[in-house]
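So the structure is just underneath, and the comments pick up after that.
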Amino acid sequence: MIALGNDHTGYELKKEIMNYLDSKGIEYKDFGCGDVTTSNYPDYAKAVGRAIQRKECEKGILVCGTGIGISIAANKMRGIRAALCHDCFSAEATRLHNDANILAMGARVIGVGHAVKIVETFLNTKFSGDERHINRINMLEED
Ligand code: RB5
């Protein structure tokens, strides 16, 4: 199950991502927002982050204008590793190395076609499971 969240700037791109997920039969839960009325990205980052913390969803996709604010907000949550990616190399690498559980993107930064390819790469890449990466990920949770 994939958790989706966005602010008003990410609403249109989220709909395209939903179309892609529908076409692949991938289940998702939409945590809003549901239109282009101005909204606050931390609300949606936290809703998606909580769904992952509670294991209601395995991964999340967050979209705001730049992807920056919404990824900063998500990364303040324990156990959340949100990767801001605007290219497929990074989307693949962050799954392999960081076991990122959220993909963040900026709807004002990239086009729909590229964004959907990044989603596909992120969702189709498994964590490498390498010990050195596990150790580093564990270090992220240390104060
Ligand atoms: C909203 O105008 C914009 O600030 C937001 O979508 C995001 O880009 C923040 O990082």
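Since every read-out is calculated from the coordinates, none of them should be taken as a lab result. Owing to the predicted nature of the structure, the values given are computational and were not obtained by experimental measurement. As a convention, Cβ positions derive from the backbone with ideal geometry for all residues, glycine included, and neighbour counts pool all protein chains shown.
Exposed loop sites, defined as trypsin sites (Lys or Arg not before Pro) outside DSSP H, G, I, E and B with at most 14 other Cβ atoms within 10 Å, are absent from the longest region of the chain, namely 1-53. Hey, if you put +1 on the Cβ of every Lys and Arg and -1 on every Asp and Glu Cβ in segment 1-64, which of L4, A51, Y41 ends up farthest toward the positive end of that dipole? The listed residue farthest towards the positive side: A51.
By DSSP, the beta bridges lying fully in the chain are antiparallel in about 0 percent of cases. Enter the angle in degrees (range 0 to 90, nearest 10) between the Cα long axis of helix 11-24 and the first principal axis of the Cα atoms of the chain, meaning the one along which they spread out most. Once rounded, the angle reads 70 degrees.
Round to a whole angstrom and tell me the spacing of the C-alpha centers of segment 117-143 and segment 45-115. Value for the Cα centre distance between the two parts: 12 Å. Each Lys and Arg adds +1 at its Cβ and each Asp and Glu adds -1 at its Cβ; summed about the Cα centre, segment 102-143 shows a dipole of about 340 debye.
Relative to the first principal axis of the alpha-carbon coordinates of the chain, what is the inclination of helix 131-140, with its axis defined by its Cα atoms, in degrees from 0 to 90 and to the nearest 10? That helix lies at roughly 60 degrees to the long axis. Count Lys and Arg as plus one, Asp and Glu as minus one, and take only other residues whose Cβ is under 10 Å from that of C64; the net charge is then 0. Just the number: Rg to Rh for the chain, Cα atoms, Kirkwood Rh, two decimals. Rg/Rh: 0.94.
Tally Lys/Arg at +1 and Asp/Glu at -1 over every other residue whose Cβ is under 11 Å from the Cβ of A91; what's the total? Cβ neighbours under 11 Å give a net charge of -1.
Kindly express, to the nearest 10 degrees and within the range 0 to 90, the angle between helix 112-124's C-alpha long axis and the longest C-alpha principal axis of the chain. Its long axis makes an angle of about 30 degrees. Considering the options L123, N135, S90, tell which one lies farthest towards the positive end of the dipole of the chain, charges being +1 on Lys and Arg and -1 on Asp and Glu at the Cβ, about the Cα centre. Going by the Cα projections, it comes out as N135.
Overall, the chain carries a charge dipole of about 120 debye about its Cα centre when +1 sits on the Cβ of Lys and Arg and -1 on the Cβ of Asp and Glu, all other atoms neutral.
Between E92 and V109, the contour length at 0.36 nm per residue exceeds the Cα-Cα span by 4.2 nm.
List the GluC sites (Glu not before Pro) within segment 1-88 that fall in a DSSP loop (any state other than H, G, I, E or B) and whose Cβ has at most 12 other Cβ atoms within 10 Å.
E27, E56, E58
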